[in-house]
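Every number in this text was worked out from the coordinates using simple rules, so none of it is lab data. Nothing here was measured: the structure is a model prediction, and the numbers come from that model. Cβ placement follows ideal geometry from the backbone for every residue including glycine, while neighbour counts extend to all protein chains displayed.
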Amino acid sequence: MNNLIQTFAVYALPILFAITLHEAAHAYAARYFGDNTAFMEGRMSLNPAKHIDPVGTLLIPIVLFFVGSPFLFGYAKPVPVEYRNLRNPKRDMAWVALAGPGANLLMAFLWMVAVIVFGMFMDAGDYFMRMAQAGILTNLVIFAFNLFPVPPLDGGRVLTSILPAPYAYKYAQLENYGFFIVLGLAMLGFLKYWMAPVMMVANTALMALISPLTFLLS
């Protein structure tokens, strides 16, 4: 139990940052491309309370964590976007969707920088070093998960944006069942065949970007 509590303490802050900035990025992108809905509802904010869903963000992941579930699943409050207000709805839908995973990729990079800096002063087992490592993993997981191409996940919205209009309309109708599709795939262990390669590619790309900094500080 102590190990579980320690792990929870290490991951709590990175997860909070990851969710908050992910959702705020969606809201910012929506406003940038012409829709003020999320902004008017206070979602273009770095206040975690604006984005946390009591059940999806807190209760479900905590229960899964403490019962030793092989996978963790959760969600934040959906950012309201009125796509008809976007200047080019079909195209801009993709950019609004990509803003969230893009924020997670940036955060993973910043946590990598933190690992390098902390590594100069701390042991690998120190709390802040473990938190930085957790930050990398958390953001890569959220990045890959949200790019899964099933609506309402961001990847599903990107695919809907790319598909020709008749197919896009039909594919968007999956949104009513998307939660159950993703949950089922996760429980059956199939989701890992998407998650692992996407996380590996993202991690490799970030490591290539950060390698010059590692060399300078070594």
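Testing the spin-label approximation: label points 7 Å from Cα along Cα→Cβ at M40 and I181. State their distance in nm.
With each label point 7 Å from Cα toward Cβ, the separation is 3.1 nm.
Given a Förster distance of 35 Å, report the FRET efficiency between F121 and M200 from their Cβ-Cβ distance, rounded to the nearest 0.05.
0.75
Evaluate the distance, in nm, between pseudo-label points positioned 7 Å from the Cα of V63 and of A208 along their respective Cα→Cβ axes.
Placing both labels 7 Å beyond Cα along the Cβ direction yields 4.3 nm.
Relative to the Cα centre, what is the charge dipole magnitude of segment 2-217, using +1 at the beta carbon of each Lys and Arg, -1 at the beta carbon of each Asp and Glu, and rounding to the nearest 20 debye?
440
Sort Y11, Y169 so that the residue with the fewest other Cβ atoms within 10 Å of its own Cβ comes first and the one with the most comes last.
Y169, Y11
Ranking T57, T7, T204 by Cβ neighbours within 10 Å, fewest first, what do you get?
So the ranking, lowest neighbour count to highest, is T204, T7, T57.
Run the count for segment 2-217, please: Lys pairs, Cα-Cα under 25 angstrom, 8 or more apart or on different chains.
Number of lysine pairs found: 5.
What are the residues whose amide H is under 5 Å from the amide H of F148, where those residues sit 5 or more places off or on another chain and H is modelled from the backbone?
G155
Averaging sequence separations of C-alpha pairs under 8 Å and six or more residues apart, then dividing by the length of the chain, give the relative contact order as a whole percent.
20
With a cap of 14 neighbouring Cβ atoms within 10 Å, and only residues DSSP puts in a loop, list the chymotrypsin sites (Phe, Trp or Tyr not before Pro) found in segment 80-166.
F121
Select from L86, W111, I15 the residue farthest towards the positive end of the dipole of the chain; place +1 on Cβ of Lys and Arg, -1 on Cβ of Asp and Glu, and compute about the Cα centre.
About the Cα centre, the residue reaching furthest to the positive side is L86.
Just to check I understand the Karplus step: with θ = phi - 60° and J = 6.51 cos²θ - 1.76 cosθ + 1.60, what whole-Hz values come out for segment 93-106, glycine and proline as x?
Couplings: 4, 5, 5, 5, 5, 6, 4, x, x, x, 5, 5, 5, 5 Hz.
What ³J(HN,Hα) values, in whole Hz, does the Karplus curve 6.51 cos²θ - 1.76 cosθ + 1.60 give for segment 139-152 when θ = phi - 60°, with x put for Gly and Pro?
6, 5, 5, 5, 4, 5, 4, 6, 8, 4, x, 10, x, x
Which whole-number percent of Cα pairs in segment 2-217 have a distance greater than 33 Å?
Percentage above 33 Å: 17.
Based on DSSP H runs of at least 4 residues, each adding -39500 (n - 2.57), what is the mean residue ellipticity at 222 nm of the chain after dividing by all its residues, to the nearest 500 deg cm²/dmol?
Counting only the DSSP helices, I get -23000 deg cm²/dmol.
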